[in-house]
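First the structure, in the form of structure tokens, and then the observations on it.
Each reported figure results from applying straightforward, stated rules to the coordinates on display, with no laboratory input. Computed from a prediction, not measured in an experiment: that's the story for all the values here. With ideal geometry, Cβ positions are generated from the backbone for all residues, glycine too; neighbour counts draw on all protein chains shown.
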Amino acid sequence: MGGIFGLCLHDECATDLFFGTDYHSHLGTRRGGMAVFDGKNYNRAIHNIENSPFRTKFEDDLAEMKGYIGIGCISDSNPQPVIIDSRVGIFAAVTVGRINNKQDIVRRLISDGNSYFTEMSGGGINDTELVAALISRKDNVPDGIRYAQEQIDGSMTMLISADGGIYAARDRFGRTPLAIGKKDGDKGGYCVSLESSAYINLGYKTCYTLGPGEVVFLTPDKMETVVKPSQQMKMCSFLWLYYGFPTSDYEGVNVEEMRYRCGQSMAEQDIREGTAVDVDCVAGIPDSGTPHAIGYANRSRIPFGRPLIKYTPTWPRSFMPRDQSVRNLIARMKLIPVDSLIRGKKLLLMDDSIVRGTQLRGIMDELLSYGAKELHGRVACPPILYDCKYLNFTRTAKENETISRQTILELEGTSSLTEDQVCKYSEFGSKAYRNMVELIRRKLNLSTLEYHSLNGMLDSIGIDKCNLCTYCWTGKAD
Ligand code: SF4
């Protein structure tokens, strides 16, 4: 997916930019970048962060980065920030999102006179450069941002450093959040961040949250809305469930608290549906399954425990090899079992979601080999049935590689699925749904398996359901 951070201060901004951008490292694994503007020139650094953390890669750049306006990003694909000279002046841009109609836009821009685009080393055109080219079609940056967002099929949130400040633009349907923080004092100013927790330790307090499609212009002295927000929102539910950092708030709802409520709701579902089980301990699959498990344990009054503990000191999250079998090996090496909490015990394990299920199956096999007596699986969301078409989630397998689709293919005895077939299995509690869950249970070597209902999960977020994106589970855009 990726994360973005920017700030305009009455003081040198590089140190705050460095830490604020670094606090988005959980959102991307491939590239990091920062650009600082001193009133005349930009100073930019971009590094590959696949094998070492953002801070290690950028600490030597800090001394060179002089200026009071800065933007930074953690990216899963494009090298960013891009800096371009254009009819609206020189500007720098960072983006987070996805462009589904890239080829159409490129063809149109080239036929309209854009002579070339930079090909990235891995092939393909840099999304952020494409956004910059669209912005440059108009006479000023706010009109250019609005035009770019209208042209893009997908989702695009961006920070544009131009006109002596930063334009912060949230995507049209607000799938990704943007919050503004303010630091008082002579050296203070404003910052803008995808994760609202990225600036807490830097001394900023949240003063505003952008609405869907809204564009705000920031300078060290003020912030003003230059494009009003729209009414229609489809915020990504997955950010609360798994991807977002626990200390952040989106739409006024804290991520960690939502996960507690989600686990509590799952426990209530088990009681209501008669699927509650008698176990010795409730545990989460580290890390993001843990708060869901705390909520489940608190509601069910079954003790919470950590039979598997993650060894974090030498395994930065950014170490993510492309090869799936190596990834599975690393996932296994990161988790160390506590023998006395596993041997002879009946365990209920909560995970935030199941995509392919290969890593979860590996964990279950390990726990059984360490002497667990029974393993029960609980999943904080419904089975994932559709590939996200709005954000570039690296976690998402190809649609038909998810364990739920694989299982439906097996049950239907076919090699491709119609929409009606998928729909039949998505209905919570239906005969087809139960058959699918039962086969997944057997594949994962579990004594019982239950998924959270969509309504239960959405109620745990607590904002109007109409404002939430649920495409991964329903395949419905609206
Ligand atoms: S499809 Fe899923 S991951 Fe993508 S924006 Fe919607 S809820 Fe988020």
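In summary, the lysines within cross-link reach of K187, defined as a Cα separation below 23 angstrom excluding same-chain residues under 8 places away, comprise K40, K66, K205, K222.
Assigning unit charges at the beta carbon (Lys, Arg +1; Asp, Glu -1) and nothing else, what dipole magnitude in debye, to the nearest 20, does segment 198-296 show about its Cα centre?
Dipole magnitude for segment 198-296 comes out near 420 debye.
Net charge dipole, the chain: roughly 920 debye, given to the nearest 20, about the Cα centre with Cβ charges of +1 for Lys and Arg and -1 for Asp and Glu.
When Rg and the Kirkwood radius Rh are both evaluated on Cα atoms of segment 219-362, their ratio Rg/Rh stands at 1.07. Annotation: extensible slack from T312 through N48 equals 92.9 nm (criterion: 0.36 nm per residue apart, minus Cα-Cα distance).
Footprinting exposure proxy ranking of M34, M258, M333, M436, fewest other C-beta atoms within 10 angstrom first, gives M333, M436, M258, M34. The GluC sites (Glu not before Pro) of segment 1-69 that meet both conditions, a loop assignment by DSSP and at most 16 other Cβ atoms within 10 Å of the site Cβ, are E50.
Bridge orientation summary for the chain: considering DSSP beta bridges with both residues in this region, about 80 percent are antiparallel. Ordering of 326-332, 441-447 by packing is 441-447, 326-332, highest average first (other Cβ atoms within 10 Å, averaged per residue). Taking a quarter of the surface of the Cα convex hull of segment 62-105 gives a mean projected area of 4.8 nm².
Over the chain, Cα pairs under 8 Å with separation of 6+ residues give a relative contact order of 13 percent. Here the calculated FRET efficiency for T275 and D11, from their Cβ-Cβ distance with R0 = 60 Å, stands at 0.60, rounded to the nearest 0.05.
Rounded to the nearest 500, the helix-only mean residue ellipticity at 222 nm of the chain stands at -9000 deg cm²/dmol, with each DSSP H run of n ≥ 4 adding -39,500 (n - 2.57).
Projecting the Cα atoms of L348, G284, T209 onto the charge dipole of the chain, computed from C-beta unit charges around the Cα centre, puts L348 farthest toward the positive end. Each of P382, I69, Y260 was scored by the projection of its Cα onto the charge dipole of the chain, and the greatest displacement toward the positive side belongs to P382; charges sit on the C-beta of Lys, Arg, Asp and Glu. Taking a ≥ b ≥ c as the square roots of the eigenvalues of the Cα gyration tensor, an a/c ratio below 1.5 marks segment 253-474 as rounded.
Each label point was placed 7 Å from the Cα along the Cα-to-Cβ direction; for L329 and Y370 their separation is 2.1 nm.
Of all lysines in the structure, those lying under 24 Å Cα to Cα from K310, and not within fewer than 8 positions of it along the same chain, are K334, K345, K346, K373. Here the convex hull built on the C-alpha positions of the chain has a volume of 146 cubic angstrom per residue.
Put in order of Cβ neighbour count within 10 Å, fewest first, the listed residues F428, F117 become F117, F428.
Each of S426, S237 was scored by other Cβ atoms within 10 Å of its Cβ. Listed from fewest to most, they are S426, S237. Charge tally around D112: other residues with Cβ under 15 Å, Lys/Arg +1 each, Asp/Glu -1 each, net +4. Across segment 3-232, Cα-Cα pairs more than 32 Å apart make up 11 percent of the total.
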